1. Only residues that are of a type in the set (Gly, Ala, Ser) and closer than 13 Å to Thr90 by Cα: list them for segment 22-61, please.
2. It is to be established whether one or more residues within segment 55-65 are under 16 Å from Gly10 (Cα atoms), modelled with pLDDT of 95 or more and among the aromatic types (Phe, Trp, Tyr).
3. Inside segment 2-26, can you point out the residues that are open to solvent by 80 Å² or more (accessible area, probe 1.4 Å) and either at positive phi or in a loop (DSSP other than H, G, I, E, B) (or both)?
4. Pairs only if they're at least six apart or on different chains, beta carbon under 6 angstrom, first in segment 102-115 and more than 17 Å from Gly9 (Cβ to Cβ) and of a type outside the set (A, V, I, L, M, F, W, C), second open to solvent by less than 20 Å² (accessible area, probe 1.4 Å) and outside any strand (DSSP E or B); list them, first residue then second.
5. Out of the residues in segment 27-40 that are in contact with a strand residue (DSSP E or B) (Cβ under 8 Å, 6 or more places away or on another chain) and open to solvent by 50 Å² or more (accessible area, probe 1.4 Å), state the one that is nearest to Gln3 (Cα to Cα).
6. Take Gln107 and tell me if it is at negative phi, surrounded by fewer than 14 Cβ atoms within 10 Å (Cβ to Cβ) and in contact with an Asp or Glu (Cβ under 8 Å, 6 or more places away or on another chain).
7. Would you confirm whether any residue within segment 57-74 is in contact (Cβ under 8 Å) with a residue 24 or more places away in the chain, part of a helix (DSSP H, G or I) and open to solvent by less than 20 Å² (accessible area, probe 1.4 Å)?
8. Can you tell me which residue is farthest from Thr112 (Cα to Cα) among those in segment 27-47 that are assigned to a loop (DSSP other than H, G, I, E, B) and small (Gly, Ala, Ser)?
Amino acid sequence: QVQLVESGGGLVQPGGSVRLSCAASRNMFSFNAMGWYRQAPGKQRELVATITQGGSTVYADSVKGRFTTSRDNAKNTVYLQMNMLKSEDTAVYYCKASTRSIEYWGQGTQVTVSS
């Protein structure tokens with residue numbers, strides 16, 4: 001069983017920054033990709049960013065230029081650096097790890113952007 005533990009969420013002011021972490025319970029090279037998703041109240045869960053084993057990244061248009069995902073393979077941890085935050089970024093952020101046949105999800109961490 002794989003565990004993904006997100007951390008780093010909280011309350012941040014508009015224009016501010018926060019970094020989320022997702023620690024995996026096993027070697028990340030066993031996953032094809034790691035991803036960040038978010039779900040705002042009353043909305044469907046949506047893709048924020050993904051990063052492959054080789055470090056290739058994909059971002060949602062709404063976060064391009066503001067968010068950056070990276071990975072530290074030695075720590076089995078993926079990060080999401082979120083800058084220039086907007087109120088519409090308020091959501092629960094989830095980490096996902098994917099193999100060819102299985103997806104694993106973390107429990108989520110709340111990010112609230114408000115003054």
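The values are calculated or read from the model by the stated rules, or taken from the named source; none is laboratory data. Remember, predicted model here, so these are calculated numbers, not experimental data. Methodologically, a virtual Cβ is constructed for each residue, glycine included, from the backbone with ideal geometry; neighbour enumeration extends over all protein chains shown. Note: areas computed on protein heavy atoms with side chains; ligands, DNA, RNA excluded. Shrake-Rupley method; radii C 1.70, N 1.55, O 1.52, S 1.80 Å.
1. Ala40, Gly42
2. Scanning segment 55-65, I find no residue that is under 16 Å from Gly10 (Cα atoms), modelled with pLDDT of 95 or more and among the aromatic types (Phe, Trp, Tyr), so the answer is no.
3. Across segment 2-26, the qualifying residues are Gln3, Gln13, Arg26.
4. Tyr104/Val2
5. If we take residues in segment 27-40 being in contact with a strand residue (DSSP E or B) (Cβ under 8 Å, 6 or more places away or on another chain) and open to solvent by 50 Å² or more (accessible area, probe 1.4 Å), then Asn32 is nearest to Gln3 (Cα to Cα).
6. yes
7. no
8. Looking at the filtered set, the residue picked out is Gly42.
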